[in-house]
1. Could you list all residues from region 70-110 that are in a loop (DSSP other than H, G, I, E, B), without any contact (Cβ under 8 Å) to a residue 60 or more places away in the chain and under 10 Å from Leu43 (Cα atoms)?
2. In region 19-51, what residues are in contact with a strand residue (DSSP E or B) (Cβ under 7 Å, 6 or more places away or on another chain), under 14 Å from Asp91 (Cβ atoms) and part of a helix (DSSP H, G or I)?
3. Considering only residues that are touching a residue at least 24 places away in the same chain (Cβ under 8 Å) and buried (at least 17 other Cβ atoms within 10 Å of the Cβ), which ones fall in region 45-60?
4. Using the structure shown, decide if Ser67 is at negative phi, in a strand (DSSP E or B) and among the polar types (S, T, N, Q).
5. If you go through region 73-87 one residue at a time, do you hit one that is under 10 Å from the mean Cα position of the chain (by Cα), at pLDDT 95 or above and more than 25 Å from Glu17 (Cα to Cα)?
6. Check Val38, Val44 and return the single one that is at pLDDT 95 or above, of a type in the set (A, V, I, L, M, F, W, C) and touching a Pro at 6+ places or on another chain (Cβ under 6 Å).
7. Starting from region 22-44, keep only residues that are in contact (Cβ under 8 Å) with a residue 40 or more places away in the chain and under 22 Å from Ser83 (Cα atoms), then list their pairs with residues that are part of a loop (DSSP other than H, G, I, E, B) and among the polar types (S, T, N, Q) whose Cβ atoms are within a distance under 6 Å, requiring at least 6 positions of separation or different chains.
Amino acid sequence: MENIVMLDPGTGQTLTEGQRDERLARAAARLRRRGVRVGDTVLVCLPVGPDLLVAADAVMAAGATVSPLAPDDHGMREQIITSSARLMIADDPRAVATAGDSWIRVVMSTAELGA
């Protein structure tokens, strides 16, 4: 029996170790294909839940540093604009729109990431 790693508070869905490992490997490979390298910083703007867990783990597996942003954070725009990150993982339309005013050149959704 696999251990449950996370319970999504919004949907009640669970994420098992096996599911996390599978999604993590897929997501880390996609990040590398999009140019994420060791030492890079990746902004992650996702609500707390399985997608955030997998995205953050995938960024670290790719050798990069996670810079988390809460989607409802009032300082989100300022953090995005002042960040030197070139890639952001976000589903929030406000974060995606703000990326155009920053150094970010690639915005990936959780669907694109495979998380």
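The values are calculated or read from the model by the stated rules, or taken from the named source; none is laboratory data. Note that the coordinates shown come from a computational prediction; the quantities given were computed from them, not determined experimentally. Here Cβ is always computed from backbone atoms with ideal geometry, including for glycine, and neighbour counts include all displayed protein chains.
1. From region 70-110, those in a loop (DSSP other than H, G, I, E, B) are 70-75, 83-86, 91-92, 100-105, 109; that's our starting set.
So of that shortlist, the ones also without any contact (Cβ under 8 Å) to a residue 60 or more places away in the chain come out as 70-75, 83-86, 91-92, 100-103, 105, 109.
Hits for region 70-110 are Ser83, Ser84, Ala85, Arg86.
2. Pro50
3. Applying the first criterion (touching a residue at least 24 places away in the same chain (Cβ under 8 Å)) to region 45-60 yields 45-51, 53-55, 57-59.
Across region 45-60, the qualifying residues are Cys45, Leu46, Gly49, Pro50, Asp51, Leu53, Val54, Ala55, Asp57, Ala58, Val59.
4. Details: at negative phi: yes; in a strand (DSSP E or B): yes; among the polar types (S, T, N, Q): yes.
Answer is yes for this residue.
5. So in region 73-87, the residues under 10 Å from the mean Cα position of the chain (by Cα) come out as 87.
Pick out the ones that are also at pLDDT 95 or above and you get 87.
From what's left, more than 25 Å from Glu17 (Cα to Cα): 87.
Yes, region 73-87 has at least one match.
6. Numbers: Val38 fails: touching a Pro at 6+ places or on another chain (Cβ under 6 Å).
One residue alone meets the criteria, Val44.
7. Here the result reads Leu43/Ser83, each pair linking region 22-44 to a residue that is part of a loop (DSSP other than H, G, I, E, B) and among the polar types (S, T, N, Q).
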